1. Restricting to the range 306-324, name every residue that is at pLDDT 95 or above and touching a Gly at 6+ places or on another chain (Cβ under 9 Å).
2. Taking the range 276-296 as the region of interest, how many residues are away from ligand 1 (no atom under 16 Å from the Cβ) and part of a loop (DSSP other than H, G, I, E, B)?
3. So which residues in the range 94-123 are surrounded by 17 or more Cβ atoms within 10 Å (Cβ to Cβ) and in a helix (DSSP H, G or I), if there are any at all?
4. Is it true that Arg223 is in the same structural domain as Pro101 (by TED's automatic domain parsing), without any contact (Cβ under 8 Å) to a residue 60 or more places away in the chain and over 28 Å from Ala98 (Cβ atoms)?
5. What do you reckon, is Leu187 within 7 Å of ligand 1 (Cβ to nearest atom), out of contact with any strand residue (DSSP E or B) (no Cβ under 7 Å at 6 or more places or on another chain) and closer than 25 Å to Gly257 by Cβ?
6. When you look at Ser138, is it surrounded by fewer than 22 Cβ atoms within 10 Å (Cβ to Cβ) and either modelled with pLDDT under 95 or of a type in the set (Ser, Thr, Tyr) (or both), yes or no?
7. Tell me which strands (runs of 3 or more DSSP E) are completely within the range 297-381 and hold 2 or more residues being surrounded by fewer than 23 Cβ atoms within 10 Å (Cβ to Cβ), or say none if there are none.
8. Residues of the range 436-446 being in contact with a Lys or Arg (Cβ under 7 Å, 6 or more places away or on another chain) and either on the phi > 0 side of the Ramachandran plot or assigned to a helix (DSSP H, G or I) (or both), which ones?
Amino acid sequence: MSVTLKRARPYLVLFCILLLMLAAIFWFRFWLPGDQLSGAAEEKTGQVQTVSIIRQPDSVDESVRDHVPKAALSAEARLSANGADSGSDNAFDWQIPAWLPPPPVPEDNPMSETKVSLGRHLFHDHRLSRDHSVACVSCHVQSLGFADGKVLSVGVGGSVTERNTMGLANVGYSPVLTWANPHLKSLERQSLIPMFGEEPVEMGLAGQEQLLFDRLQSDPLYREMFAQAFPEREGRIELATVTRALAAFERTLISVGSPYDRYKYGGDESAMNEAALRGEALFYSEKAECYHCHQGFNFTDTLQTANSGFAEVAFYNTGLYNLNDEGAYPPDGMGLYTFTNKASDMGRFRTQSLRNVGVTAPYFHDGSAATLEEVIDHYAAGGRTLQGELAGDGSTNPFKDPLLVGFDTSDTVREDLVAFLHSLTDTEFLANPRFSDPWPEDHPARGVSTLTPGIHDSTTTEVSNP
Ligand code: HEC
Ligand code: HEC
């Protein structure tokens, strides 16, 4: 008996080691990410918040493939193939107040002044579109908070965007990008969509990458700037460098200089008028409930700073539509549902930042509210009621977030909330020369035509100073 045990012992030990290894593999592969997720995730008001762990900028989520235009994806493959660089730049001067942490910066794209300046030139350059008619700035206009005042925007060849153009203030703090795509997580990757996307065509460069690089290469200023900004890549003009420079510039678009900031963080009691102060109290009250979703310094619960360990991401159905009383949104704007196919994700969109919202009209993902008063009336009704083609009572949408219960707008409630929202307009940001068009008037970068007419130009985009 003892002899057999002795003989079997080495096998038993081996078997145990094998079991331990299997358990370890299983732990790392399956349990760990789940644990981290549930540990980090918060549940608010019964609505599941999607909280994600930061991913490496070059890892492509499979599900994103269904929703990024094919041409942009082939561009993306090249971007990944170009690999990552190391290096860091702790010396970058963000020019932000001490209370504010900078936005997160991917390891493979450290900030530098030359890179940001290059990105600013690219952002304003109409040669980044097929026919020299459209630049990023055509749709992202500085004086309008880098939105464009249109319901929907028009790209090269008259192609119309599916959604309302977003303002870009503090976009570097957003861990997921665009209105409802939970997978699009890096500014570097996002810029491929306007440049190379085909549905809709924005800048029309699908399959024209070499044309773009040759164009930029032929400009001596760019040759010099790329060399200075990307010495580790020998100044090559390629997707990796173009997209990184654009992203670095976008990370500097930080807006925290509004009257509200002067009052809240600067202690300037006179910065806000009486109506705006009453509006602030309402905004943070259990009556209007706004702050539950529009929270923190950027007025959104989708946020990440350089100091936060994980990304907060949240999407909500706010009862804008209720087609056939079944909770449906129009087919071309179904929000998170388009990406997940989960019924409960119908109509869920990312909480928008409210920074500079006084100049980014019209509002919502489809530009369907022309004024801030209309937005407040929608919330006051706990969801809006529409007649006609998109008829339905949004307040009874079964997927609507429970926080949207509505409130009465007696007295000066509407005016006060609107006054508060206007106190978030940062006029310095809207005119900051660091972000303006660096190209001389008659330079080819200015494009062949600066007119990209939108659908129903909005008339409500004047800057207002409360
Ligand atoms: C034809 C108009 C148009 C052009 C040109 C354009 N954009 Fe946009 N941009 C949009 C629209 C519309 C959205 C919202 C897209 C969506 O949700 O599907 C958007 C969204 C964005 C976002 C996401 C913002 C956020 O808060 O998540 C970024 C970043 C951005 N654009 C950067 C750029 C850059 C960089 C360029 C130039 C390379 C550019 N855009 C060119 C219309 C445009
Ligand atoms: C349950 C979360 C939630 C609450 C509560 C909430 N919002 Fe929103 N808000 C959102 C989401 C999500 C969007 C984007 C909706 C869309 O476009 O479909 C949005 C959009 C907006 C916009 C338009 C932004 C733009 O750029 O188009 C404004 C203005 C706004 N909210 C103000 C408010 C105010 C004021 C309150 C309080 C009365 C409030 N919100 C309460 C989630 C919320």
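The values are calculated or read from the model by the stated rules, or taken from the named source; none is laboratory data. What you are looking at is a predicted structure, and each value in this text was computed from that prediction instead of being measured. Ideal geometry is used to build each Cβ from the backbone, glycine not excepted, and the neighbour counts take in all protein chains shown.
1. Within the range 306-324, Glu312, Phe315, Tyr316, Asn317, Thr318, Gly319, Leu320, Tyr321, Asn322, Leu323 meet the criteria.
2. Pass one, the range 276-296, residues away from ligand 1 (no atom under 16 Å from the Cβ): 276-292, 295.
From the residues that got through so far, the ones that are part of a loop (DSSP other than H, G, I, E, B) too are 284-289, 295.
Adding up the residues that qualify gives 7.
3. Once the filter is applied, which keeps residues that are surrounded by 17 or more Cβ atoms within 10 Å (Cβ to Cβ) and in a helix (DSSP H, G or I), the range 94-123 yields Thr114, Lys115, Val116, Ser117, Leu118, Gly119, Arg120, His121, Leu122, Phe123.
4. Details: in the same structural domain as Pro101 (by TED's automatic domain parsing): yes; without any contact (Cβ under 8 Å) to a residue 60 or more places away in the chain: yes; over 28 Å from Ala98 (Cβ atoms): yes.
Here the answer is yes, as Arg223 does meet what is asked.
5. Working: within 7 Å of ligand 1 (Cβ to nearest atom): yes; out of contact with any strand residue (DSSP E or B) (no Cβ under 7 Å at 6 or more places or on another chain): yes; closer than 25 Å to Gly257 by Cβ: yes.
Against the criterion (within 7 Å of ligand 1 (Cβ to nearest atom), out of contact with any strand residue (DSSP E or B) (no Cβ under 7 Å at 6 or more places or on another chain) and closer than 25 Å to Gly257 by Cβ), Leu187 qualifies.
6. Numbers: surrounded by fewer than 22 Cβ atoms within 10 Å (Cβ to Cβ): no; either modelled with pLDDT under 95 or of a type in the set (Ser, Thr, Tyr) (or both): yes.
When the stated conditions are applied, Ser138 does not pass them.
7. Details: elements: 311-313, 315-317, 348-350.
Filter on the range 297-381 gives 311-313.
8. From the range 436-446, those in contact with a Lys or Arg (Cβ under 7 Å, 6 or more places away or on another chain) are 438-439, 444-445; that's our starting set.
Selection gives Pro444, Ala445.
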